[in-house]
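Asker: First the structure, then my questions, so here it is.
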Amino acid sequence: MTQDITVTLTVNGRTVTRAAGAHLSLLRWLRDVADVTDPKYGCGEGVCGACTVLVDGEPVSSCIVLAAQVDAAEVTTVAGLAGADGVLDGLQQAFLEHGAAQCGFCTPGMLMAATELVSRGVRLDRDTIRGELHGNLCRCTGYQAIVDAIASVAGGERG
């Protein structure tokens, strides 16, 4: 029998404290315990990137990190990118303008990976953007629009 533990995280600026099994992944804790459903379950093995969230500013595959491992951390999901007034942040707006969300399944993970990438504050060319997105898969093969959106925010050339 597993014992529940208490996990406290700041999720998108809101402190959430919930009990959970010690074996529970961060993704399951977010979705099933804390009712934060924007990170998606894709592969369950940390390969597809659909579940990517930022933990203390670093992108992680939340399906392979235990909630208990990140106790007391700050977690940002795509819902935490928009302003309190609902205004989209620059990357979200760029994804919208460039049609970078086709079916939308990979979009939360792509946006989180891109958020960390852009936060580095360096000019990014298209090849660098593509390379940095290596851990995020798009089943629609819509990478061009995604790269265009990130490049428009990161100072990369358009095309």
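Asker: Val33 to Glu58: FRET efficiency via 1/(1 + (r/R0)^6), r the Cβ-Cβ distance, R0 22 Å, to the nearest 0.05?
Answerer: Between Val33 and Glu58 the formula returns 0.50.
Asker: Compute the FRET efficiency between Gln69 and Asp125 as 1/(1 + (r/R0)^6), taking r as their Cβ-Cβ distance and R0 = 35 Å, and round to the nearest 0.05.
Answerer: FRET efficiency, Gln69 to Asp125: 0.50.
Asker: When a/c reaches 1.5 or more, the comparison of a/b and b/c decides; with that in mind, is the chain rounded, prolate or oblate per its Cα gyration tensor?
Answerer: Prolate is the answer for the chain, as a/c is 1.5 or above and a/b outweighs b/c.
Asker: Let me ask another. With r as the distance between the Cβ atoms of His134 and Cys103 and R0 = 30 Å, compute the FRET efficiency 1/(1 + (r/R0)^6) and round to 0.05.
Answerer: With a Förster radius of 30 Å, E is 0.90.
Asker: For the range 12-29, just list the computed ³J(HN,Hα) in residue order, Karplus coefficients 6.51, -1.76 and 1.60, θ = phi - 60°, integers in Hz, with x standing in for Gly and Pro.
Answerer: Ordered by residue, 3J(HN,Hα) equals 6, x, 10, 6, 10, 10, 9, 7, 7, x, 4, 8, 6, 5, 4, 4, 5, 4 Hz.
Asker: If I take every Cα pair under 8 Å that is 6 or more residues apart in the range 4-80, average their sequence separation and divide by the length, what percent do I get for the relative contact order?
Answerer: It comes to 38 percent, rounded to a whole number.
The numbers here are math on the coordinates, done by the rules we state, and not lab data. Because the structure is predicted, anything quoted here is derived from the model rather than measured. Cβ sites come from the backbone with ideal geometry, for glycine too, and all protein chains shown count toward neighbours.
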